[in-house]
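The values are calculated or read from the model by the stated rules, or taken from the named source; none is laboratory data. Since the structure is predicted, the reported quantities are computational estimates derived from the model, not experimental observations. Neighbour counts are summed over all protein chains in view; Cβ atoms, including those assigned to glycine, are modelled from backbone coordinates with ideal geometry. Side chains included, ligands, DNA and RNA excluded: accessible areas come from the protein's heavy atoms. Shrake-Rupley method; radii C 1.70, N 1.55, O 1.52, S 1.80 Å.
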Amino acid sequence: MASTQSPVLECKGISKFFPGAIALDAVDLKLYPGEVHALLGENGAGKSTLIKCLTGAYRRDGGMILLDGEEVSPRSTQDSQKLGIGTVYQEVNLLPNLTIAENLFLGRQPMRGGFIAQRKMHAMAKDLLAEFGLKVNPAEPLETYSVAVQQVVAIARAVELSGKVLILDEPTASLDRDEVQLVFSVIEKLKARGLAIVFITHFLDQVFEISDRATVLRNGRVIGTRELAGTTQTDIVTLMLGRQLEDRIHDRAPSEAGDTLIELKNFGRRGVMEPFDLTVRKGEVVGLAGLLGSGRTETSNLIFGAIHADQGEALLEGQRISLKSPRDAIGHRFALCPEDRKNDGIVGDLSVRENIILALQARQGWFRPLPKAKINELAEAYVKALDIRLASLDMPIRLLSGGNQQKVLLARWLATNPSFLILDEPTRGIDVGAHAEIIALIERLREDGMALLVASSELEELVAYSTRVIVLRDRRQVRELKGDEITTANIVTAIADEQMAEAV
Amino acid sequence: MKLKAMLIASAMAFVPVTAMAADLTIGFSQIGSESGWRAAETTVTKQEAEKRGIDLKFADAQQKQENQIKAIRSFIAQGVDAILLAPVVATGWDEVLEEAKDTEIPVILLDRTVDAPDDLYMTAVTSDLVHEGEVAGQWLVDETAGEKCDIVELQGTTGSSPAIDRKKGFEQAISGHDNLEIVRSQTGDFTRSQGKVVMESFLKALGGDNICALYAHNDDMAVGAIQAIKEAGLKPGEDIKIVSIDSVPDIHLAMAKGEANATIELTPNMAGPALDALEAYLADGTMPPKWIQTESKLYTLEDDNQAVYEEKKDLGY
Amino acid sequence: MASQVHSTMKRIMPQLIILIAVLFLNFLVFPDFFRIEFQNGRLFGNLIDVLNRGAPTALLCIGMTLVIATKGIDLSVGAVMAIAGATAASIVVDGHSWQTALLGALAVGALCGFWNGFLVAYLRIQPIVATLVLMVAGRGIAQLITEGTILTFLNPGLIHLGAGTMVGVPTPIVIWVLLGLIVTAVVRKTALGMLIEAIGINESSSRLAGINSRVLIVCVYLISGFCAALAGVIVAADIKGADANNAGLWLELDAILAVVIGGNSLLGGRFSILASLLGALIIQSVNSVILLSGLPPEFNLVIKALLIIAILVIQSPTVKHALYILRASAEPTPPAPAPVQEVKEGTQ
């Protein structure tokens, strides 16, 4: 449908060089009105660089940009906005303490007699957002609404300002399933209006759900552009990685786990998590499934002592233990990779090396420093074993990509040689390659006899590696699935059944 | 004027009766313990009252005017015979002084004055800061007797009235004497440690041999400077003559050792003259002048400084 | 090892350049500035004065650097100096030895630090508020100890700590240099430094990684109190008297400024004690310029403010960036963005 029209935006041979690296190598891209065009690639493939060249944040070193057939050269993001190219980032860059209406019309408020015409502005905001199917009070501060609503407000603002091309850079990364649907409905409406939309994401399912075409970048080059209607996920992943991924769902090892390692009885905390029982054996991966807010993270944090349980008891190999703080838990050789990597996981300004040894050093105490040689040996070993991509062990961890940060956190805990590893959303927001590697790592650790508890919202993933799956809802355990029962369909049913039961 | 005379007459009619009926009761509102001198003033005031058999009610305001106003009101309520006030600031006293006047209780200001009509208080007992500087300057004029002498000056806290006035008085005294010249002047913030630091820099910048005398706006800075001079290998008091103001015990100790040459007393005994004036007034109605200037006594090496030190050291400096 | 020296040099280079510039300014106003003589058994000269007079700020900024690295601040150090000086003076005046006085003062300082640390780490009071308590109350406590007077003492042992010399070098210099070396060695040779930085950068992550953040936070405030006590003893010994009203007055601000000039972020994280110490020397050199210039004291604060503003502006990220661009565009090759951007690219 699209190819019969002329493109609204066309990139011809865009190149960008960084010292010692070619970030973009003669990239071509055509965007047609009324299409959603996914831009795919592993981290570092050149997606962000391309976007920055389009929006004028970077100056391109070669090639041309045609907008409606005319050559343009935006010099700044404001410049590109005026031309008609709007951008919305994952981290909403609006002002959370201003009202929704103020955020929408900042810098071009309707005026009356030298004052802002508040009522008119609110009415305009209401109408504007109603077009996107959003019913909110525009006089409320933006921060009182969810990230999804904020995302839609950001999109509305961008569309109002620009109106030809909309670039969405990972708009759904921090949204849950329902919120994603809200954003998608907005995208559909914009598509119907004839906007060209660039969609960048790590979620392949979402790509197939909303996009018409996809362009895959690898190492700064366009590998291919595909109509998605006739393409499979495997095709796309193959393009991205340049190699055939092994089938992600494979035969599960028989769930013959070893001895019981940890046993929780009536464990919980009022107002956080209903008391629950849980047993994890050596050589077993227990999956925690459930919707957002069902208690996955709370369960992880309670067991690790990050949240102090006020009832129940914990037994480690039959002995009662106290789990009042993370230090207690670490002392018993527990480990937790938290869900919120940025705020609870990495220590951004410390080097990768320091981040790797942090937990081990903390357990040893400050007065018994790890010898330099040992530190380097450990860090290098894990960088190699987990294939962490970095320029130097001395670089701050915040400069790494999400997937590599996650691997460093895994390295931090593996370095403490844990007997019980808790992973909370281990694959959130990371690229396909790292994703597969982390799943493989979980399997390997299980085979080595470690006990693992993995909370995840990716059901296929849970099905792939869990020996048992516990389904949570409303901060309660509702079902345990074993062996062949573990399928995505069964997990969904377990969540849904319960909901129906509640409804009756 | 008529009215004022009448008021005084009526005051005369009542007050002596109460004075005779019982011992005097006097309220004293003190600023607080801001410095050693202040502590000595409190001690001396208490001593003076005891000597005269006066019942002194003491109130420490902790550097807050509202506390002083509260204290004065409570003195009025208790019906004291007179109030001594060392005001923390100059402004904002009109209302409470009116109240005292209405109840015919005389108020005497100690050490500092206020911005209020002068009929609201009986008298103010203060020293003359400019005069203190003049005495210091005159001492140096006499001491050098025409010989050339380069002076370094340690000023008080920049912009404070003692620093401005003591500088002015000193400069007035030495003007016209071409042998005397202030070659460096810097603030020592009235503190011992800054006095030492700044003196060190004077010694380095000018060379100890080129400094003939030091004039410090207070004794504390002079005490600090004496240490700096000693550490530079010079003899304070001989190689460099030292004159300062306040007459705190430690400077007398230094003078007893010959390490300082002269100090001008800022007497902590403000209460003595105040109570003298009050007693004269109560006895026969003698109105004191609106300003009683305390003596700015010069101490030199000819005085028995060890004795002065012993006398002063327990006053709370 | 060599790379470590190299990275340390790179870290302190801006501070070194500024220090040299300010020292040169001293030389301009007073040509004999760099002359050092040996006189009466002690080194004597303006440069020695800068090192000696910088001692209180230098000592304070050692502890302050660690506190600020944990995202905290210690406003009480000036008042703790007064308390410690008063304690030491009253102990020797009561006839005890100077060793007892020193130990007593250091113990009191450590106790003050412990109190601050307890408020911050256990009661979770904001550091600026928690330490404000002692900043306000501390001077009153010191006045209670000295009974409002300057408590003069003659104990030669105690006086030696402030006014004496060790092999010709004024004792305060020996003390701050030694303490700086010891604390640097302790934090860098053990894991203390890294753990403190981790807490300052991200306390939540640090706690979940098993770092005992509360104990470490108490620890840094304790060190700060200890440093302040040492500074207080030196200041009292220097003038042979404890001046509760004026000892260490506003010095907490100089200490914070020294840490900032040292390029340490007030938001916590990476720190360098060496750079802070250079910051303290820079401040003292600025004071020296003012004293040596011979200008009337009304100019003191203006000159200091102008020099400090100039120093901070030179260090500001905007100016640094502009300098970088200037240098890059002076080269024939096309201007390249900072290499950081290249790496960052991967995260987006």
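Summary of computed values
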quantity: Looking only at the range B:188-200, and only at residues there that are open to solvent by less than 10 Å² (accessible area, probe 1.4 Å) and not in a loop (DSSP other than H, G, I, E, B), the one that is farthest from the other protein chains (Cβ to nearest Cβ); calculated: B:199
quantity: Filtered residue count, the range A:326-372, keeping only those that are assigned to a loop (DSSP other than H, G, I, E, B) and in contact with a helix residue (DSSP H, G or I) (Cβ under 8 Å, 6 or more places away or on another chain); calculated: 11
quantity: Residue in the range C:29-41 that is within 29 Å of residue C:189 (Cα to Cα) and small (Gly, Ala, Ser) present; calculated: no
quantity: Subset of the range A:134-156 [in a loop (DSSP other than H, G, I, E, B) and either at pLDDT 85 or above or among the hydrophobic types (A, V, I, L, M, F, W, C) (or both)]; calculated: A:134, A:136, A:137, A:138, A:139, A:140
quantity: Condition check for residue A:387: under 26 Å from residue A:173 (Cα atoms), charged (D, E, K, R), more than 9 Å from every other protein chain (Cβ to nearest Cβ) and open to solvent by 20 Å² or more (accessible area, probe 1.4 Å); calculated: yes
quantity: Test: residue in the range A:74-89 that is open to solvent by 70 Å² or more (accessible area, probe 1.4 Å), modelled with pLDDT under 85 and either aliphatic (A, V, I, L, M) or in a strand (DSSP E or B) (or both); calculated: no
quantity: Verdict on residue C:190 being within 13 Å of another protein chain (Cβ to nearest Cβ), of a type in the set (Ser, Thr, Tyr) and in contact with a Phe, Trp or Tyr (Cβ under 7 Å, 6 or more places away or on another chain); calculated: yes
quantity: Only one of B:173, B:254, B:205 that is touching a Leu at 6+ places or on another chain (Cβ under 6 Å) and either within 14 Å of chain C (Cβ to nearest Cβ) or open to solvent by less than 30 Å² (accessible area, probe 1.4 Å) (or both); calculated: B:205
quantity: Enumeration of residues in the range B:58-68 that are under 22 Å from the mean Cα position of the chain (by Cα) and open to solvent by less than 70 Å² (accessible area, probe 1.4 Å); calculated: B:59, B:61, B:65, B:68
quantity: Inter-residue pairs, beta-carbon under 6 Å, first over 21 Å from residue B:193 (Cα atoms) and within 10 Å of chain A (Cβ to nearest Cβ) and in the range C:209-237, second in a helix (DSSP H, G or I) and not aliphatic (A, V, I, L, M), 6+ apart; calculated: C:210/A:326; C:210/A:327; C:210/A:363; C:213/C:203; C:213/C:206; C:213/C:207
quantity: Residue within the range A:109-121 that is in contact (Cβ under 8 Å) with a residue 40 or more places away in the chain, surrounded by fewer than 20 Cβ atoms within 10 Å (Cβ to Cβ) and touching a helix residue (DSSP H, G or I) at 6+ places or on another chain (Cβ under 6 Å) present; calculated: no
quantity: Members of the range A:276-326 found to be β-branched (Val, Ile, Thr) and more than 22 Å from residue A:471 (Cβ to Cβ), listed by number; calculated: A:321
quantity: Tabulated pairs, the range A:395-418, first farther than 28 Å from residue A:47 by Cβ and assigned to a helix (DSSP H, G or I), second small (Gly, Ala, Ser) and open to solvent by 10 Å² or more (accessible area, probe 1.4 Å), C-beta under 9 angstrom, 6+ apart or interchain; calculated: A:414/A:385
quantity: Lone unmet requirement of (1) open to solvent by 20 Å² or more (accessible area, probe 1.4 Å); (2) farther than 30 Å from residue B:251 by Cα; (3) touching a helix residue (DSSP H, G or I) at 6+ places or on another chain (Cβ under 8 Å) for residue B:53; calculated: (3)
quantity: Candidate set from the range A:291-307 (those that are assigned to a loop (DSSP other than H, G, I, E, B) and open to solvent by less than 10 Å² (accessible area, probe 1.4 Å)); member that is modelled with the highest pLDDT; calculated: A:305
quantity: Qualifying residue in the range C:217-237 (condition: open to solvent by 40 Å² or more (accessible area, probe 1.4 Å) and either touching an Asp or Glu at 6+ places or on another chain (Cβ under 6 Å) or modelled with pLDDT under 95 (or both)); calculated: no
quantity: Residue in the range A:50-57 that is touching a strand residue (DSSP E or B) at 6+ places or on another chain (Cβ under 7 Å), within 14 Å of another protein chain (Cβ to nearest Cβ) and open to solvent by 20 Å² or more (accessible area, probe 1.4 Å) present; calculated: no
quantity: Filter result (of a type outside the set (Val, Ile, Thr), open to solvent by 20 Å² or more (accessible area, probe 1.4 Å) and under 19 Å from residue C:99 (Cβ atoms)) within the range C:145-160; calculated: C:151, C:154, C:155, C:156, C:160
quantity: Set A:452, A:410: member being over 25 Å from residue C:267 (Cβ atoms), more than 20 Å from the chain's Cα centre (by Cα) and open to solvent by less than 20 Å² (accessible area, probe 1.4 Å); calculated: A:452
quantity: Exclusive hit being away from chain B (no Cβ under 14 Å) and open to solvent by 10 Å² or more (accessible area, probe 1.4 Å), set C:24, C:30, C:44; calculated: C:24
quantity: Residue match in the range C:196-211 (condition: open to solvent by 30 Å² or more (accessible area, probe 1.4 Å) and under 18 Å from residue C:67 (Cβ atoms)); calculated: yes
quantity: Residue that is in the same structural domain as residue B:207 (by TED's automatic domain parsing), in contact (Cβ under 8 Å) with a residue 60 or more places away in the chain and within 24 Å of the chain's Cα centre (by Cα), where the choices are B:172, B:186, B:138, B:155; calculated: B:155
quantity: Flag for residue A:169 being acidic (Asp, Glu) and open to solvent by 30 Å² or more (accessible area, probe 1.4 Å); calculated: no
quantity: Of residues in the range A:315-331 being away from every other protein chain (no Cβ under 11 Å) and under 32 Å from the mean Cα position of the chain (by Cα), the one farthest from residue C:203 (Cα to Cα); calculated: A:323
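Residue-wise test of (1) in contact with a Gly (Cβ under 9 Å, 6 or more places away or on another chain); (2) closer than 28 Å to residue C:211 by Cα; (3) at pLDDT 90 or above.
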{"position": "A:240", "(1), (2), (3)": "yes, no, no"}
{"position": "A:243", "(1), (2), (3)": "no, no, no"}
{"position": "A:255", "(1), (2), (3)": "yes, no, no"}
{"position": "A:277", "(1), (2), (3)": "yes, no, yes"}
{"position": "A:309", "(1), (2), (3)": "yes, yes, yes"}
{"position": "A:325", "(1), (2), (3)": "yes, yes, yes"}
{"position": "A:329", "(1), (2), (3)": "yes, yes, yes"}
{"position": "A:334", "(1), (2), (3)": "yes, yes, yes"}
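Table: residues versus (1) closer than 30 Å to residue C:319 by Cα; (2) assigned to a helix (DSSP H, G or I); (3) in contact with a helix residue (DSSP H, G or I) (Cβ under 9 Å, 6 or more places away or on another chain).
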site	(1), (2), (3)
C:18	yes, yes, yes
C:32	no, yes, yes
C:38	no, no, no
C:50	yes, yes, yes
C:62	yes, yes, yes
C:68	yes, yes, yes
C:79	no, yes, yes
